[in-house]
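See structure below.
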Amino acid sequence: MEKNARIYIAGHTGLVGSALLRRLDADGYSNLIVRNHSDLDLTRQSDVDAFFQSKKPEYVFLAAAKVGGIMANSTYPAEFIHTNLAIQNNVIHAGWKTGLTRLLFLGSSCIYPKKCPQPMKEEYLLTGPLEPTNEPYAVAKIAGIKMCQAYNRQYGAKYLCVMPTNLYGPNDNFDLDTSHVLPALIRKFHLAKLADKGNWESIKIDEIKYGIIPEEIKRLIGYETSYSTIPPEPSESKTSVLLWGSGNPKREFLHVDDLADACILLAQMNIKAFDTFFDDKDTPLINIGCGKDQMVKEIAAIVAEVVGYNGTVRWDQDKPDGTLQKLLDISKIKKLGWKPTIDLRDGIKSVYEWYLKGIYF
């Protein structure tokens with residue numbers, strides 16, 4: 001990519017899009033194109049077509065999507081499949097019509113079968129049934145992958161699909177009704193720590209900044225009933241954090257800044273390098289992860305330590321665990337010289353510091 005190339009980041013306010021914007025800006029790319037949802041609704045085909053005809057981006061990072069954890073996927077399955085199909089169909093097609101050089105479509109590791117062999121290789125796509133709790137979202141993402149493959153095959157496009165593992169970082173979603181597991185852990189432990197100290201005022205500020213605290217969590221931390229109580233002694237924890245499932249499933253986590261580095265590396269591939277990796281029969285798919293996983297209960301212990309929460313942790317085993325293991329095979333991206341650089345504990349610490357700045361600004 002030339003430094004003055006017209007680069008459109010779809011979803012620039014989200015977790016992935018904001019990381020791409022930060023990194024591209026820091027690397028000196030001077031013609032970055034962004035639009036807020038209020039200015040451009042990517043689900044409206046006519047609006048997307050007009051935008052691409054006007055701006056004619058040369059590169060697109062398609063990071064715009066409706067995303068969420070198990071609860072959100074279970075509650076809004078129709079929205080997850082409809083919104084994501086509309087966004088990716090409009091952007092991919094409009095890009096082709098205006099002569100786009102390279103498009104990177106951001107997917108998710110949930111595209112792989114529920115009982116997929118571990119670690120998951122790119123060729124395992126569509127080899128078995130999906131995890132039911134996020135099937136509509138996964139089907140939409142698979143459709144996006146196949147759309148990129150079809151445009152590559154029929155039109156000679158050079159579109160690439162990036163499948164990241166579970167991500168975390170600045171600008172994550174901390175809404176406890178829709179967030180993924182790691183930001184939810186950070187917020188739950190932080191709220192419980194504040195409640196242990198009787199710091200109700202900071203909890204009020206947190207709720208204004210990061211979204212309504214569900215009634216179940218308010219009861220667990222004694223939020224609504226304790227405004228006038230004397231704060232307990234630090235050693236006397238009065239709170240409890242309730243987490244979904246058994247804590248036994250294994251997950252890998254990648255800092256979003258590491259993902260941004262990988263995406264930019266892939267966007268910079270010349271045609272010869274692209275064709276070396278993918279011919280017209282290949283699914284243009286490449287995994288991005290850290291190459292190792294841990295049990296969710298172990299990750300929860302790291303988050304609790306970083307946050308400084310010393311109270312009780314309970315697991316609600318009536319709630320679903322989801323897929324028992326989701327570890328990506330990242331041998332393909334490693335061949336290009338990329339590897340993650342941010343340690344999980346250090347990354348969680350930096351995200352918690354970012355989270356606190358949003359409350360104590």
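Below are the figures for this structure:
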quantity	calculated
The one condition in (1) in the same structural domain as P164 (by TED's automatic domain parsing); (2) touching a strand residue (DSSP E or B) at 6+ places or on another chain (Cβ under 9 Å) that S46 fails to fulfil	(2)
Criterion (modelled with pLDDT under 95, surrounded by 17 or more Cβ atoms within 10 Å (Cβ to Cβ) and under 25 Å from N171 (Cβ atoms)) met by exactly one of K326, K357	K326
Residue list for the stretch 199-217, filter: over 19 Å from I348 (Cα atoms) and either in a helix (DSSP H, G or I) or touching a His at 6+ places or on another chain (Cβ under 8 Å) (or both)	W200, E201, S202, I203, K204, I205, E207, I208, K209, E215, E216, I217
Index of the failed condition, A273 passing every other in (1) outside the structural domain of V60 (by TED's automatic domain parsing); (2) aliphatic (A, V, I, L, M); (3) modelled with pLDDT under 95	(1)
All helices (runs of 4 or more DSSP H) inside the stretch 7-110 with 1 or more residues being without any contact (Cβ under 8 Å) to a residue 60 or more places away in the chain and surrounded by 17 or more Cβ atoms within 10 Å (Cβ to Cβ)	15-26, 45-55, 77-97
V241 vs. criteria in contact with a His (Cβ under 8 Å, 6 or more places away or on another chain), buried (at least 18 other Cβ atoms within 10 Å of the Cβ) and in the same structural domain as R187 (by TED's automatic domain parsing)	no
Residues of the stretch 202-216 satisfying the condition of being surrounded by 13 or more Cβ atoms within 10 Å (Cβ to Cβ) and of a type in the set (D, E)	D206, E207
K141 surrounded by 22 or more Cβ atoms within 10 Å (Cβ to Cβ), basic (K, R) and assigned to a helix (DSSP H, G or I)	yes
Every pair of residues 6+ apart whose Cβ atoms lie under 7 Å, when the first sits in the stretch 310-331 and is farther than 17 Å from L125 by Cβ while the second is of a type in the set (S, T, Y) and assigned to a strand (DSSP E or B)	G311/S240; T312/S240; R314/S240
Flag if E305 is part of a helix (DSSP H, G or I), under 25 Å from P117 (Cα atoms) and not β-branched (V, I, T)	no
Lone unmet requirement of (1) surrounded by fewer than 21 Cβ atoms within 10 Å (Cβ to Cβ); (2) in a strand (DSSP E or B) for K297	(2)
Any hit, the stretch 183-198, residues being assigned to a loop (DSSP other than H, G, I, E, B) and either modelled with pLDDT under 95 or touching a Gly at 6+ places or on another chain (Cβ under 6 Å) (or both)	yes
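The values are calculated or read from the model by the stated rules, or taken from the named source; none is laboratory data. Keep in mind it's a predicted model, so treat the numbers as computed, not measured. Counting neighbours? That spans all protein chains shown, and the Cβs are built from the backbone with ideal geometry, glycine included.
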